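Colleague: I am attaching a structure below and will ask some questions about it afterwards.
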Amino acid sequence: MTIRTRFAPSPTGYLHVGGARTALFSWLHAKKTNGQFILRIEDTDRERSTEASVQAIFDGMEWLGLTHDEGPFFQTDRFPRYMEIIQQLLDQGDAYHCYCSSEQVEAVREEQRANKQKPRYNGKCRHRTDTVEGVNPVVRFKNPEQGVVIFNDLVRGEISISNEELDDLIIARSNGTPTYNLTVVVDDLDMNMTHIIRGDDHINNTPRQINIMKALGAQIPSFAHLPMILGDDGARLSKRHGAVSVMQYRDDGFLPEALLNYLVRLGWSHGDQEIFSREEMIELFDLKDVNRTASAFNTEKLLWINQQYIMSADPDSLTAPLADQLVTLGCDVENGPDLREIVITQQERAKTLKEMAEKSLLFYNDYEAFDEKAAKKSLKAAALEPLEMMLGKFEELSDWSKEPLHQVILDTAEVLDLKLGKVAQPLRVALTGTSVSPALDATLLLLGKKLCLKNIPRAIEFIKAKIVAQES
Ligand code: GLU
C-alpha cells in the first residue's frame, strides 16, 4: 500500500515554524516510504482565510523545498462533496437536525458546569422527528453513546476515549456550511490518506473523526500527533517570541536547509547527530523516534546550525540569496564586486546571510569618517612610511589579485623591518575606516584598485594633518 500523508494548513496567517515542522514530518514520512505527500488548504473559514495567507503557505513550502505530489486542494472547492456526505449521514441515521439555539445550548452547559459536570450537548434533538418552523437547524453527528474509541497513535502509543466523553458535534452550521471535523474526515477519506500527522492540538478531535469515519464505513488511517513547540520561556511558541514565520527566517538570512535541519531536530533525534542533509533526514527519520514531550525553540542553536551550513556551502549557492540581502540594504549589486568572492571572504565570519551582507557593506559604500578609536591607535606618525610605501607599490601593481596584494604587505614589512601588524593595521583602517575587516588581501581585492588608491591617501592626509596640529 502506498503511504499517503498530507499537510492541511488553515490559511489564516503566515506559515509559522510549528506548521512547517508538521509539514516536514509528514513530508519525510512520505518520502522515506516512497509515498505521496499531499497539500490541502483548509480554507472553509472564509472570514479568517486570506489569499495572502495561501500565498504565504505556498512560498514557505517552496522555499523549504517541501514539494507536494498532489494538490494543492482547496476545501472551498469541495462543498458539494461535503453536502453529499452530510446528507448521507442524515439518510443513514448517523446525523440529525438540531433546532436548539446557541443560547439554549449554552444555558445547558452553564447548568452542567454549575453541577460540576463536563459541559456537552444534551442530545435534546437526537430523537426528534418534527421540524421547527422558522429555524434553520444545524446538523449534528450522532456520536455512539456507548463503547470506547481506541487508536494507536504512532507517537504517543495507545489512546482510548470513552464515547460517553464525546457529545454530538455539529457537522453543518445553520447556514449549511460544513465544520472542520466533517471536512477533514471527508477529505482524508477521499484523498486516501494512510497517515494523519498533525499537531497534538488536534488530538481531541481524533476520536470524533474516527467515529465519523466508522459511520461512513471507512478504513481508519493511522494517526501521529506531534508535540508542541515552546518558546524559550516555556509558553507555546507564538509571535511574541520573535520571528516565527518561515519567510521571516529567509528575510533574516537563514538558509532553508538550515531551518529544515533545525526543525527536524525539534522533537526528533537520531543519537547525538545534529547536522542532517535532506537525504539523511529522509533515510533516518522515523515517527517512532519522535518525542512525546514538547520541545523548546532555541534561536541560538538555530543560528549555530545556520552558521554550519553557511560555512560548508558551495559559495555559488549563496550568491543569489546574499545579493537579495545586499539589495535590501540598498547596495548596487550589479556594479559591485564579485559576489562569489564576497561569499568566500565572509563565509567563516557570519551566522546569517543578513549578517554577511551587513559585514560586506564596506565593499559598496565608502566609509564616512575614520572610527575614532581605530584612527587614534593605528593612524599615527609611525604609520606614514609604510602607508606611503604600500601606496607606491599598489599604484604600480598591474595584477590586482590576492597573492600579489598580500606580497606588497609582506614586502613592506620586511623592507621597513616592521612587524606585520604595524603595517597591516594602519592599512586596514585606511581602507575601511575601522579596525575590523576580513583578511586584507580579500579586502583590497573586493574594494578594488580605484577605491584603495583613494582611501590610502585619505589616511596619509589624515596623519599629516594630525602631525601638523600636534606641532603647532
Ligand atoms: N487545518 C488544521 C490546522 O491548520 C489542520 C487539520 C489537520 O491536520 O487535521 O490546524
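Colleague: Checking MET61 against (1) free of Cβ contacts under 8 Å to residues at least 60 places away in the same chain; (2) part of a loop (DSSP other than H, G, I, E, B); (3) within 16 Å of the ligand (Cβ to nearest atom); (4) out of contact with any Lys or Arg (no Cβ under 6 Å at 6 or more places or on another chain), which single condition isn't satisfied?
Modeller: Of the numbered conditions (1) free of Cβ contacts under 8 Å to residues at least 60 places away in the same chain; (2) part of a loop (DSSP other than H, G, I, E, B); (3) within 16 Å of the ligand (Cβ to nearest atom); (4) out of contact with any Lys or Arg (no Cβ under 6 Å at 6 or more places or on another chain), the odd one out for MET61 is (2).
Colleague: Among the listed residues ARG48, ARG40, ARG81, identify the single one that is surrounded by 14 or more Cβ atoms within 10 Å (Cβ to Cβ), farther than 15 Å from ARG6 by Cβ and either at pLDDT 95 or above or basic (Lys, Arg) (or both). Quick ask: steps written out before the conclusion?
Modeller: Numbers: ARG48 fails: surrounded by 14 or more Cβ atoms within 10 Å (Cβ to Cβ); ARG40 fails: farther than 15 Å from ARG6 by Cβ.
Exactly one residue qualifies, and that residue is ARG81.
Colleague: If you take the residues in the stretch 12-34 that are modelled with pLDDT of 95 or more and either touching a strand residue (DSSP E or B) at 6+ places or on another chain (Cβ under 6 Å) or of a type in the set (Val, Ile, Thr) (or both), which one is farthest from the ligand (Cβ to nearest atom)?
Modeller: For the stretch 12-34, the residue satisfying everything is THR33.
Colleague: Which one is farthest from the ligand (Cβ to nearest atom), of the residues in the stretch 1-11 that are assigned to a strand (DSSP E or B) and surrounded by 24 or more Cβ atoms within 10 Å (Cβ to Cβ)? Break it down into steps so the answer makes sense when it comes.
Modeller: The first filter runs over the stretch 1-11 and keeps only residues assigned to a strand (DSSP E or B), leaving 4-7.
If we keep only those that are surrounded by 24 or more Cβ atoms within 10 Å (Cβ to Cβ) as well, we get 5-7.
Details: THR5: 10, ARG6: 7, PHE7: 8 Å.
Residue satisfying both the conditions and the ranking: THR5.
Colleague: Testing GLN407 on (1) over 29 Å from LEU326 (Cβ atoms); (2) in contact (Cβ under 8 Å) with a residue 24 or more places away in the chain, one condition comes back false. Which one is that?
Modeller: In the conditions (1) over 29 Å from LEU326 (Cβ atoms); (2) in contact (Cβ under 8 Å) with a residue 24 or more places away in the chain, GLN407 misses (2) alone.
Colleague: Quick one: which helices (runs of 4 or more DSSP H) sit completely within the stretch 385-461 and have at least 1 residues that are of a type in the set (Gly, Ala, Ser), at pLDDT 95 or above and in contact with a Cys (Cβ under 9 Å, 6 or more places away or on another chain)?
Modeller: Numbers: elements: 402-415, 420-432, 440-447.
Filter on the stretch 385-461 gives 420-432.
Colleague: Let me spell it out: the conditions are (1) closer than 28 Å to THR129 by Cβ; (2) in contact (Cβ under 8 Å) with a residue 24 or more places away in the chain, and ARG78 meets all of them except one. Which number is the exception?
Modeller: ARG78 satisfies every listed condition except (1).
Colleague: For the stretch 192-212, enumerate the residues that are in contact (Cβ under 8 Å) with a residue 60 or more places away in the chain, crowded, with 17+ Cβ neighbours inside 10 Å and more than 12 Å from the ligand (Cβ to nearest atom). Lay out the reasoning, then the answer.
Modeller: Pass one, the stretch 192-212, residues in contact (Cβ under 8 Å) with a residue 60 or more places away in the chain: 192-199, 208, 210-212.
Keeping just the survivors that are crowded, with 17+ Cβ neighbours inside 10 Å gives 193-198, 208, 210-212.
Hits for the stretch 192-212 are THR194, ILE210, ASN211, ILE212.
The values are calculated or read from the model by the stated rules, or taken from the named source; none is laboratory data. What you are looking at is a predicted structure, and each value in this text was computed from that prediction instead of being measured. Neighbour counts are summed over all protein chains in view; Cβ atoms, including those assigned to glycine, are modelled from backbone coordinates with ideal geometry.
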